[in-house]
Structure formats: C-alpha cells, structure tokens
2 protein chains.
Amino acid sequence: VSRSSHRGRGTRLACRLLALGLPLASAASGAPPGTGDPAPWLDEYRPPAARILEAARGDSTAWERIAHLTDTFGHRLSGSPALEAALRWAAAEMQKDGLRNVRLEKVMVPRWVRGRESLRLVEPFPGEMAMLGLGNSVGTPPEGVQAEVVVVRSFEELEARGDGLRGRIVLYNVPFTTYGDTVRYRGAGAARAARHGAVAALVRSVGPPGLRTPHTGALRYEEGVPPIPAAAIPTEDADRLQRLSDRGARVVVHLQMEARLQGEAESANLVAELPGREKPHEIVLLGGHLDSWDVGTGAVDDAGGSVVTWEAVRTIHALGLRPRRTLRVVLWTNEENGLRGALAYRDQHAGELKDHVLALESDSGVFKPLGFGFTGSAAARDTVRAIAGLLAPLGAQEVGPSGAGADTGPLVQAAQVPALSLTVDGSRYFLLHHTPADTVDKLVPAEVSACVGAVAVMAYVIADMPDRLPR
Amino acid sequence: VSRSSHRGRGTRLACRLLALGLPLASAASGAPPGTGDPAPWLDEYRPPAARILEAARGDSTAWERIAHLTDTFGHRLSGSPALEAALRWAAAEMQKDGLRNVRLEKVMVPRWVRGRESLRLVEPFPGEMAMLGLGNSVGTPPEGVQAEVVVVRSFEELEARGDGLRGRIVLYNVPFTTYGDTVRYRGAGAARAARHGAVAALVRSVGPPGLRTPHTGALRYEEGVPPIPAAAIPTEDADRLQRLSDRGARVVVHLQMEARLQGEAESANLVAELPGREKPHEIVLLGGHLDSWDVGTGAVDDAGGSVVTWEAVRTIHALGLRPRRTLRVVLWTNEENGLRGALAYRDQHAGELKDHVLALESDSGVFKPLGFGFTGSAAARDTVRAIAGLLAPLGAQEVGPSGAGADTGPLVQAAQVPALSLTVDGSRYFLLHHTPADTVDKLVPAEVSACVGAVAVMAYVIADMPDRLPR
C-alpha cells in the first residue's frame, strides 16, 4: 500500500501546487516545510550536486555492471557458488575502483536447495501445470503427494472449511492487490493449511497476471505444526483450478518437490569505504543485497540496488569529492531467505552503530527514481527534505513516510539509525518480483544512472554537511 | 508483414475518409467499390444479420466453451490422449447442439514427444537457462551435447562463419520484426547450421520480448544434412549470450533433449453440419484446428478459432435460420506439426471440392475482429466486400488481400476454393504464440462473441444468397 499511495500523494500535491500557481521549485528547493526559511547551508552543495548528477547522467557503468554481474554469474541464491563468486568479483572491482577497506565479513547462511519439482493435474484429465516451489519449503516424499484440491479465496474461507481440509491440497487463489495484503498467503498459507491437516499448499503467485509467470519467495512454518510442501502457481493455473472447481469437477493434483535445507554455508557481507576526511568514524552506510532467489538472474532484486549504491560511492570518488564522514557500501548476503547478512552486520558492528549517521538501502528496483522514504526524527526529516530538493532535476525530490528496509531495519531497531530507502516508479516491480523474468533487460540504463545520481547526492551531502544528521 | 501493414492501411483509409468529410458508412455499406451501385440483394440479409449479431453479443458460450475445453483437457498435441478426448467431447457437444452428420474422420498423425529437456550454461559460470525444444526436433544423445556457442544475427553471418561452426552450437539471435521475416530461423536454422557441421542450434524465440517466455514451433530438416537438436530460448537468454560473447567470454552450453518421433497415432478431423435447405450438396466450410503445441493450453492457437466457427453455426441454428447451402464445421487435427488433417480432408473430400463454395478459417486468434482476408476472384471479392459491410456495427468490415490459411490452403491449391480468414487485432497474438502463456484468460469474452457474430454473418449470407459465390 505504502508505495503506491505515497506516490499518489506526491503527484496530487504537485498538482495542487500547480493549480494554485505556486512554483513547484518552492516545494523542492530545500526549505524545511512549515518554516518558509531557506536552508542557506545547502547552497554550497548545489555545485557538487550538479556535478554528481551530470557525471551520473553521462555514465552507463551502473547498467553495464549489473549486466556483467548477472550475465556472468546468473542467480545468487544463498549457499550457491555463484553468490560467492559474485562477491569475490565485486570485491575485486571495488579495489580497482580505488575504494578502501574492501573486505568480506563472514556470515553463515542457510543452504536451501530447490531440486527438481513438478505439479501434475491428475483429474479431470492428466497434464503438466506450471509451478515454482516456495523458498524454505520442505520437499514431498520421493513418490510425491497426490490429493484433491480445495480452492479458497481467503484465510476466512480456509477456517470455514475446517476439517474438510484434512488430507487435501489447499490452493489459495487470492488476486494480487498490494504486496502487503497478499504476501501473507505465501508466507503463512502452508502453516495455516497444515493446522487443519492439509498435506500441501499451493499459492496463487503474489503479483499481477504475467505470461504464465510464477513468483517464488519465502514461507514460514509454525512451531508445533507439521511443515508441508508449498509451491506458487501462475495466475493462469490458479484460475484454471478455480474454474474447474466451480464447475463441480473433482480436481486432483500430484505435487513432487525435492526441496530441502542442506545445513549452512559460509557467505559474507561485502564492505567497502571512502574514508571520511574529517570524521572517519562517522559512517553513512548505503547498500543493497547481492543474494537473490534462484530464478531469473536477480537483476532487479537486487543486483540493481547493490550496484547503484556502490556506483554512487565510485562516482563521488571519481569526481575527487571526499566528504567529511565515511561512506560505507555494504552488499548484504542472504536477504531473501534468512536475513542473516543484516543481522550479522548489526551484531558485528554493534560497537559503532551509535556512529552510523544514516543507513540508505536500495531494494525496490532501480527504475525511474522518485525520491526516498525516510525513517527518523522530525528534525532529520526536514534536513532530508531540504537535500532532496537538489534532486528536482531528476524529479526525485519526494520524501515519503517509511525508510527502513529489510536490511536496514535491524539497525533502526537496535540503535535508531536514521534510514532512507530509494523510492522508484514501481509499476513494473511486482510483475518481475521473484520470477524467472527478473533479468537485466528490464532495467533502463538512463533510469539506473538517475538512481546513481539520486543516491550519490543524498549520501554525499549527508556525509559532508557540517552538522551530523540528528537522531 | 501482411497482418500489421494491412491493419495500418485500414486505419489510414478510415482517417482519410473522415478527413474528407465522407461518411465512413459509405465505405462499408455493401456497395462494391468502384461501381457506386448498391447491392440490392443484400437488403434482405440486414434483418437476419442484425439478429445474429445481437444473439452473439448477448451470448458468452463461446468463451465458456474455450475455457471448458482448455481447462479440462489442457494442451492437445498430435498423438496425445488429450487431443483425442477433446475431439470426442466436442463431437458429443455438437450432437447436443443439434448439429447433423457429426463425425470423426480418421487421420494418422505423427507422434512427436518432447520428453525432458534442459539447457545449462557451463562457461563462463555454471547455471540453468530457460529453453523450449522446437517441434519435430531430434533429441540429443542421453549425455547431452556440450559445445562452445557461436552467436549470429542472420543467415548471412552464418555463412560468413563457414567452417568456424564445426562442432559448435549456433545461436540465431535475430530480433522479432514480423513473423514472416523471423520464423525462417526457427524453421530452417537447424538445417543450415548442420550443413556447416554445427552440433545443435538455439533460436531466439520468434516473438516480441515477454517475461522470459520461450516460443516453440516446428522446424524442418533437409535431406542429406544430419538432423541436429534445436531449441528456442527467450529473448532474455539470447541477449545474455550475445552480451557474454560480445565481451569476449568463451561461452559453452550443455543441451539435453529427449525429443523424439514415436511413429504415428490415430487422430481425426471433426466434421458437423447444418444441412442446406435447398442445395445441401453445396458446402460453406468453416473451421479451426483443435490440436495445439504441448505448452500452454492452446486457447488462442487454436481452440479459439475452433470454437468460434463451431459457435457461429450453432448460433445460426439456434436462431432457426437454415441457409440454402450446407454449413460444415471442420475442426482439423495436426495443423501444428504435420498438416495431416488438412491434407486428409482435401483427399477424403476430393470428389466434392468442386462444390465447396467457400472455406473460412479462423487461426489468427479471436481478439477484436477487424474483418477478413480473402483469396478468390475479383467478382467474389466484390461480393465478400458487400457482405462485410453488414459487419460495420462490429468495426469488422475490412477485406484484406489474403484469405488462405494453413488448413484451407490445400483446398485453394487443389480446387481453387475461395478462402476467407478471420482478421483480428493482432497486437497480443505473437506475445502468446506457441508459448506456455497461451491460455484462455488472454481472450476477452466480448471479443470472442464479436468474432462469432462476424463469422456467422459472413458464413450465413454466403450459404444463403441466391447466387453461388463465383470462383
């Protein structure tokens, strides 16, 4: 909900201002709202901000690096050799870029393996269906699980079926509205069906209708409830089973999944810095996650965010700019199925979290930038709004209500670190999210470069401005 | 080319007429162009045409039957039990509709079986890729075929590589322009690569970029050239291999396919009639093909055309209309990988082809109808144009240059049977063509009903008008 309603508000605000004859620039000039005062300290940042935006606009390195990374290594599921090779490649590139203190900080991650998997319609007539197992799911017995399908459209309908679910396979056929409203069927659907004795769960993919496109993602089991195998099916297959069921047909499917957890594997968060010239112990952190699901090549989620935050720091460095505080890029591991990277960073850096001035995450795609979400104090928000005014040339001056992301959330919770998340045009995001179609061609080089510019300006000013961003 | 340029011409023509202040209706009223004369014989068909269009508009049976057929039986590849079950189901439904002389006319068809298949990137880094074997392809040896990939963008580039192709896997990375221009790489690419000693062929899917969507379809081997396995890959995978190759990486893939021809199987064309009240031996044939590729559920290609032509006859019958000539529905088998149905129909009905007044095929999707393509004499074209004027309420009065389809072509060639093909808005067709995404949800009930109306009016008038459509 937040993403779309937030963007809607921004647009409406702009329309109202234009209707009133007010120049839009006044809303985006850097004046803290409600005061009418300008932010004179900001004036010295207009020239470097303009240089940064110009450099980013003329540079397609970010898109090319996302392409190189995802073309070469493919997907980067936690525990895979590809993720570790990608981490080593990125570390070596960062060294070549002249970044400092480049290091891999060890993190143990779960190694979940998909294996072979299939879904077969048995009745009313045999045939293969499209499917994609959910992350963290257990497998079926080797011979598979075969049972009649019960289609429900909500948890309420599930509960109403009660004992009628015993020995059945539940299909949650819930059309996508917002991610928040529908992802709970992917996350909790298997456990809730298992409470009633269901033997497996199918979930309509959490995303808009695509081209027979299944969306994976993590599920969570419950203590004391048997874990049952669960898979996503495309909207087309969900609606087919719904129609068959509505016509009164007995619908039987056969699910076979080799999915299993194979212990843990060693992985790492990749950290690199541009040390601050005056206050190197004060840290402006920015990053994305380098791991991905094991479908597609994880270009949108989240090679894009990883490379854009890294490229933001490289661009600042390449322009000879060196802010007062340290810019630290963190490419987290295991965001998708464990969050071990974020938790390890929080723990391994517990002693310096008080000096984390800001944590900026990019994990909503690197499409046309619209601005940032922010979590922090009102005073800090005013400062962020002022800086965001420098992004008016990109149309990226929005500052929305929520800035804590999956990987920065633990820092906010543990130490009230102010958090920014890059906000972009999200219209394509959930069509691609956790699907085989998450590949670099879905990203537009000019949009990626604009994201680099937006992130670089925001991070540079916060790292360099005379006063530390207030908590 | 013909489909899009033809539609473009129609739109431009309409715009020109409007710009000149001429009423559009004059172009669509039924007056043979160039004469300025009305077609007075047509007037008696305005009331039944209006009744047919109204009945079709208010009836969603066609969409529901496409859904029932494709939901229940899934894909209907030649030689599959699903195709034969679908044929029996449709025959029984036609009996219930009150159609006459419902019969299955035996046809032997090839049984091509896909089996398991996979494509794996070996170098520069191991990982799975998306693929879909081409129809009629041979398989690989059980251990697969592994070789370096040579990417070419045209047959010219292929020939220029010459001996450099020996022992290699060729990728044809040719962006989709029109079907006619790019399908030749799917059809002939394997054979032409094999001439130079290539061990397998990959073809960029013949269609616009989708969501990692591969497109299958038939290939043809050449006499005297060894058959090599061939598969389509999505545009994303083709561009990935292109970029890797352009960067100078050695690209090695491993292809494994169990595809094989397993002899022949018994199938059938399904025939049903509404016998003519005065000239039952004169036949207006209309139909589509009931077989499909073994991906998706073949709703667009061509359950839609099969059901629309069948429903056109059912609608005429249900209104109590009984034309002078016989309306004959033919649902052909094996259009996709052999054309055995069309050839068998031609041969089994050789004696009555002279009395085939018309053959109308629907095999370009049943989206918003725009009119028909026509192949036949100039005099017949004038008549068809006049009748198409009755479809102005649907906006389906276009009559384009070419009406012979895959299944009606043999009748045109053998006996100069005039041929019509339903023309529709083709903007979605090649996104879905021969893909797993060819499912009934891509069809819009109101558009399908409009197709029924257009086909029914055209077929009814040609079957009933006093003079036989001239050859």
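The values are calculated or read from the model by the stated rules, or taken from the named source; none is laboratory data. All of these numbers come straight from a predicted model, not from anything done at the bench. All Cβ positions, glycine included, derive from the backbone under ideal geometry; neighbour counts span all protein chains shown. Accessible surface areas use protein heavy atoms only, side chains included; no ligands, DNA or RNA. Shrake-Rupley method; radii C 1.70, N 1.55, O 1.52, S 1.80 Å.
Taking a temperature of 4 °C and a viscosity of 1.567 mPa s, what whole-number D in µm²/s does Stokes-Einstein yield for segment A:38-122 with Rh from Kirkwood over alpha carbon pairs?
Numbers: Rh = 17.1 Å.
For the chosen part, D equals 76 µm²/s.
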(message) How far apart, in nanometres, would the label points at A:Ser60 and A:Glu352 be if each is projected 7 angstrom from Cα along the Cα-to-Cβ direction?
(response) 3.7
(request) Can you tell me the FRET efficiency between B:Arg166 and B:Lys106 if r is taken as the Cβ-Cβ distance and R0 is 30 Å, rounded to the nearest 0.05? (result) 0.10
(request) Could you please state, rounded to a whole Å, how far the C-alpha centre of segment B:96-154 is from the C-alpha centre of segment B:395-471? (result) 28
(request) Note down the Stokes-Einstein diffusion coefficient of segment A:371-471 in µm²/s, whole number, using a Kirkwood radius over alpha carbon pairs, 10 °C, and 1.306 mPa s. (result) 108
(request) Largest first and to the nearest Å, give the Cα extent of segment A:333-374 along each principal axis. (result) 36, 27, 11
(message) Need the C-alpha centroid separation for segment A:240-261 versus segment B:260-285, integer Å.
(response) 35
(request) Per residue of A:433-443, count partner chain C-beta atoms within 10 Å of its C-beta, then hand back the mean as an integer. (result) 4
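Give the calculated FRET efficiency between B:Thr178 and B:Glu258 to the nearest 0.05, with a Förster radius of 30 Å applied to their Cβ-Cβ distance. Write out the running numbers ahead of the final one.
Details: r = 33 Å, r/R0 = 1.09.
Computed FRET efficiency for B:Thr178 and B:Glu258: 0.35.
Using the crude model of +1 on Lys and Arg Cβ and -1 on Asp and Glu Cβ, and no other charge, please compute the dipole size for segment A:43-122 relative to its Cα centre, in debye to 20. Let's see the in-between values first.
Numbers: 14 positive and 11 negative charges, 104 e Å.
Its charge dipole is roughly 500 debye.
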(request) Can you tell me the dipole magnitude for the protein assembly as shown around its Cα centre, using point charges on the Cβ only (Lys, Arg +1; Asp, Glu -1), in Debye to the nearest 20? (result) 800
(request) Normalise the Debye intensity by I(0) for segment A:76-145, one equal point scatterer per Cα, no solvent, then take log10 at q = 0.15, 0.17, 0.22, 0.27 Å⁻¹ and round to two decimals. (result) -0.69, -0.78, -1.02, -1.23
(message) Run the simple label-point estimate for A:Arg46 and B:Arg46 please: 7 Å along Cα→C-beta, distance reported in nm.
(response) 7.2
(request) Mind checking segment A:158-239 for trypsin sites (Lys or Arg not before Pro) that DSSP puts in a loop (not H, G, I, E or B) and that have at most 15 other Cβ atoms within 10 Å? (result) A:Arg166, A:Arg220
(message) As an exercise, identify the GluC sites (Glu not before Pro) in segment A:148-253 lying in DSSP coil whose Cβ has no more than 16 other Cβ atoms within 10 Å.
(response) A:Glu222, A:Glu223
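Across the residues of A:208-221, average count of Cβ atoms on other protein chains within 10 Å?
Details: counts 0, 3, 5, 13, 14, 6, 0, 0, 0, 0, 0, 0, 0, 0.
Counting Cβ atoms of other protein chains within 10 Å of each residue's Cβ and averaging gives 3.
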(message) Going Cα to Cα from A:Lys279, which lysines come in below 27 Å? Please leave out same-chain ones fewer than 8 positions away.
(response) A:Lys96, A:Lys106, A:Lys354
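Using only the alpha carbon atoms of segment B:148-214, find the Kirkwood hydrodynamic radius as the inverse mean reciprocal pair distance, in angstroms to one decimal. Don't skip to the answer; put the middle values down first.
Details: mean 1/r = 0.0837 Å⁻¹.
That comes to 12.0 Å for segment B:148-214.
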(request) For an R0 of 22 angstrom, estimate the FRET efficiency from the Cβ-Cβ distance between A:Trp89 and A:His281 and round to the nearest 0.05. (result) 0.15
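Rank these residues by their accessible area, most exposed first, probe 1.4 Å: B:Tyr460, B:Tyr179. Mind dumping the intermediate values first?
Details: B:Tyr460 20, B:Tyr179 60 Å².
Correct descending sequence by accessible area is B:Tyr179, B:Tyr460.
By average Cβ neighbour count within 10 Å, what is the ranking of A:299-309, B:224-234 from highest down?
Working: A:299-309: 30.8, B:224-234: 22.0.
Those peptides, ordered most packed to least, come out A:299-309, B:224-234.
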(message) Output needed: percent of Cα pairs per 10 Å distance bin for chain B, bins running from 0 to the one holding the longest distance.
(response) 4, 20, 28, 23, 15, 8, 2, 0
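With +1 on each Lys and Arg Cβ and -1 on each Asp and Glu Cβ, how big is the dipole of chain A about its Cα centre, in debye rounded to the nearest 20?
Once rounded to the nearest 20, the dipole reads 520 debye.
At 4 °C and 1.567 mPa s, grab the translational diffusion coefficient of the protein assembly as shown from Stokes-Einstein with a Kirkwood Rh over Cα pairs, rounded to a whole number in µm² per second.
42
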(request) List the aspartates and glutamates whose Cα lies under 14 Å from the Cα of B:Lys442, skipping any in the same chain that are fewer than 8 positions away. (result) A:Glu236, A:Asp237, A:Asp239, B:Glu64, B:Asp71, B:Asp301, B:Asp302, B:Asp425
(request) Compute the acute angle (0 to 90°) between the alpha-carbon long axis of helix B:179-195 and the principal axis of greatest extent of the alpha-carbon atoms of chain B; round to the nearest 10°. (result) 40
(request) Kindly provide the Kirkwood hydrodynamic radius of segment B:193-276 in Å, to one decimal, from all pairs of distinct alpha carbon atoms. (result) 16.3
(message) Relative contact order of segment B:263-333, please, whole-number percent, based on alpha carbon pairs below 8 angstrom and at least 6 residues apart.
(response) 56
(message) If you take each beta carbon of peptide A:117-128 and count the beta carbons of other chains within 10 angstrom, what is the mean?
(response) 3
(message) Taking 8 Å as the Cα distance limit and 6 or more residues as the minimum spacing, I'd like the relative contact order of chain B as a percentage.
(response) 21
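Assuming 0.36 nm per residue, please report the length gained on full extension of the stretch A:Ser402 to A:Ala379 beyond their Cα-Cα distance. Display every interim value, and only then the final one.
Working: separation 23, 0.36 × 23 = 8.28 nm, distance 1.52 nm.
Contour length minus Cα-Cα distance gives 6.8 nm.
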(message) Modelling each spin label as a point 7 Å along the Cα-to-Cβ direction, I'd like the A:Ser427/B:Arg220 distance in nm, to one decimal.
(response) 4.3
(message) Using a Debye calculation, one point per C-alpha and no hydration shell, please list log10 I(q)/I(0) for segment B:335-424 at q = 0.14, 0.20 Å⁻¹ in order.
(response) -0.50, -0.92
